[in-house]
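In what follows, a single structure is set out as structure tokens and then discussed.
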Amino acid sequence: MTQEDGQLDSLVRKRIRALRVAQGWSLEELATRANLSQSSLSRIENGQRRLALDQLVTLARALDTTLDQLVENAADDVVISPTIDARRGLMRWPIKNEPGMSVMRQRMTQPPPDNPARMRAHPGREWLVVLSGTAILMLGHRRFRIETNQAAEFPTMMPHAIGSEGGPCEILGIFDRDARRGHQEASDGTDGDCGDSGTPCD
């Protein structure tokens, strides 16, 4: 066994124990859920028994996680650089373990549109926090004022638009797969809007 394999082996054993303790389960309870003997589970956690793939699959299922997450080595790709779209004032980061999700930072300088026809709707959910300035969220027929450090979450099937009030603002948004796809389709359009904010690009 190489040093790297030994480190991963130790990490997996610690992760099994940590997940068990986080659930508030005794050795006996997890062993029962994983169809193992209590002594076998104890030896697995303490490094006295070889880790077998079939047991890891069963333990991952019992701990409500996946085999990939159980054996993941997080030493690589910890730091993630953004993709930058300077023209639209956007920065995007992928979420490694949730490939359908992404994080986006956007600078806005214009208020949301007055014309409801320019509001967008698409499947998904969006969560955002205002990093600086004041943002205006138009959601259906309602208008929300979001100050610095305040957050909002909403279904993107509701017609919506986001803009600034009283000067530039910066927002950080987290999008699920469908909401991200809606933003990408909107930004690929020809109407000059940034994402689904409905606000002109800088």
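The values are calculated or read from the model by the stated rules, or taken from the named source; none is laboratory data. Nothing here was measured: the structure is a model prediction, and the numbers come from that model. When the accessible area is computed, the model is the full protein with side chains, heavy atoms only, and any ligands, DNA or RNA have been set aside. Shrake-Rupley method; radii C 1.70, N 1.55, O 1.52, S 1.80 Å.
Some values worked out for this structure:
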| quantity | calculated |
| --- | --- |
| In Å², nearest 10: area of Arg145 left accessible to a 1.4 Å probe | 130 |
| Radius of gyration and Dmax over the Cα atoms of the stretch 19-91, both given in Å | 18.6, 61 |
| Value of Rg/Rh across the stretch 1-160 [Cα atoms, Kirkwood radius] | 1.17 |
| Whole-angstrom Cα spans of the stretch 85-163 along principal axes, big to small | 37, 27, 25 |
| Mean projected area (nm²) of the alpha-carbon convex hull when the stretch 111-154 is viewed from all directions | 3.3 |
